[in-house]
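As structure tokens, the structure follows; a few thoughts come after it.
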Amino acid sequence: MIEVKNVTKVYGKKAQAFTALGGVSFTIPDGASVAIVGKSGSGKSTLMHVMSGLDRATSGEIRIGGENILTLKQKKVDAFRSEQMSFIFQSFFVQGNESCYNNVALPLEIAQVPRRARREKIESALAAVQLLDKKRAKAKDLSGGQRQRLAIARAIVNDPKILFADEPTGNLDSTTGEVIEQLLFSYNKRRKATLIVVTHDHDLAQKCDIQIYIKDGHIDTIERHKEKATTADKRPLSARRIML
């Protein structure tokens, strides 16, 4: 479970201080798919960054599996994030001059997975996103949709328990975006991993179990399974999935 308790994030000091998040609180059960929704500048990306330890909240608690990451030293936060989480960004951030195989290998190298154990994991991740036939191709030679699928393969190769996706379909056409969505939700359901999607796309948000709407750094509303948080949970609507 992820517990966010009264989290505030302030940038700058004194007259230049800007409160990006003000007293944000909510909980996310293990294995849920969650959309953090808001306009540009609403604080949704800041919220993702402090939840994951990419940035440090000014105050409050962020508990993941009972561990308050705000009490950990940065080295331990980095190790915790490396073991538990992966990230997918709108701009892909793949290494263009490296092969698809080497791009996916990077998290395993960072985690010091023995070289002999990497190949099966890498090829399994590439096959999951239908890029195994491109494993020797350079990332710069892929289409935008293929690069985003490569980014997903790299993100899932270590079987993370929490997968963050920041505007994962923002640079894609609707057809390719649907494929990416299917990949993300398939990983979420089959691996029972928590999926947290930062988006301004309300159609994508409505496919998630929980929608957290944020405005001016504060929680506006929280909806669960397409109903308000005060109503009983319902099972999410089924959708076509690419099997992972």
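The values are calculated or read from the model by the stated rules, or taken from the named source; none is laboratory data. Note that the coordinates shown come from a computational prediction; the quantities given were computed from them, not determined experimentally. All Cβ positions, glycine included, derive from the backbone under ideal geometry; neighbour counts span all protein chains shown.
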What about Phe26, is it surrounded by fewer than 20 Cβ atoms within 10 Å (Cβ to Cβ), of a type in the set (Phe, Trp, Tyr), modelled with pLDDT of 95 or more and under 30 Å from His225 (Cα atoms)? yes
Members of region 136-167 that are within 24 Å of Arg190 (Cα to Cα) and over 16 Å from the mean Cα position of the chain (by Cα): Gly145, Gln146, Arg147
Any chance Met85 is modelled with pLDDT of 90 or more, surrounded by 15 or more Cβ atoms within 10 Å (Cβ to Cβ) and within 30 Å of Gln130 (Cα to Cα): yes
Looking at region 10-23 only, could you name the residues that are under 12 Å from Asp216 (Cβ atoms) and either without any contact (Cβ under 8 Å) to a residue 60 or more places away in the chain or loosely packed, with under 14 Cβ neighbours inside 10 Å (or both)? Phe18
With respect to Ala151, is the statement that it is in a strand (DSSP E or B), among the aliphatic types (A, V, I, L, M) and under 15 Å from Ser91 (Cβ atoms) true? no
State yes or no: is Ser33 in contact with a strand residue (DSSP E or B) (Cβ under 6 Å, 6 or more places away or on another chain), closer than 28 Å to Thr169 by Cα and of a type in the set (Gly, Ala, Ser)? yes
Of the listed residues (Leu106, Leu163), the one being in a strand (DSSP E or B) and either within 30 Å of Thr27 (Cα to Cα) or modelled with pLDDT under 95 (or both) is Leu163
Which pairs do you get when a residue that is touching a residue at least 12 places away in the same chain (Cβ under 8 Å) and on the phi < 0 side of the Ramachandran plot, found in region 87-100, comes within reach of a residue that is surrounded by 16 or more Cβ atoms within 10 Å (Cβ to Cβ) and among the aromatic types (Phe, Trp, Tyr), reach meaning Cβ atoms under 6 angstrom, with the pair 6+ apart or on two chains? Phe87/Phe164
Residues (over 23 Å from Ser86 (Cβ atoms) and either out of contact with any Ser or Thr (no Cβ under 7 Å at 6 or more places or on another chain) or not in a loop (DSSP other than H, G, I, E, B) (or both)) located in region 25-60: Ser25, Lys39, Ser40, Gly41, Ser42, Ser59, Gly60
Residue list for region 95-107, filter: farther than 10 Å from Lys138 by Cα and either of a type in the set (Phe, Trp, Tyr) or buried (at least 19 other Cβ atoms within 10 Å of the Cβ) (or both): Val104, Ala105, Pro107
Long-range neighbours under 9 Å by Cβ, at least six apart or interchain, first residue at positive phi within region 140-165, second in a loop (DSSP other than H, G, I, E, B) and not aromatic (Phe, Trp, Tyr): Asp159/Ala193
In region 168-186, which residue that is assigned to a loop (DSSP other than H, G, I, E, B) and surrounded by fewer than 17 Cβ atoms within 10 Å (Cβ to Cβ) is nearest to the chain's Cα centre (by Cα)? Gly170
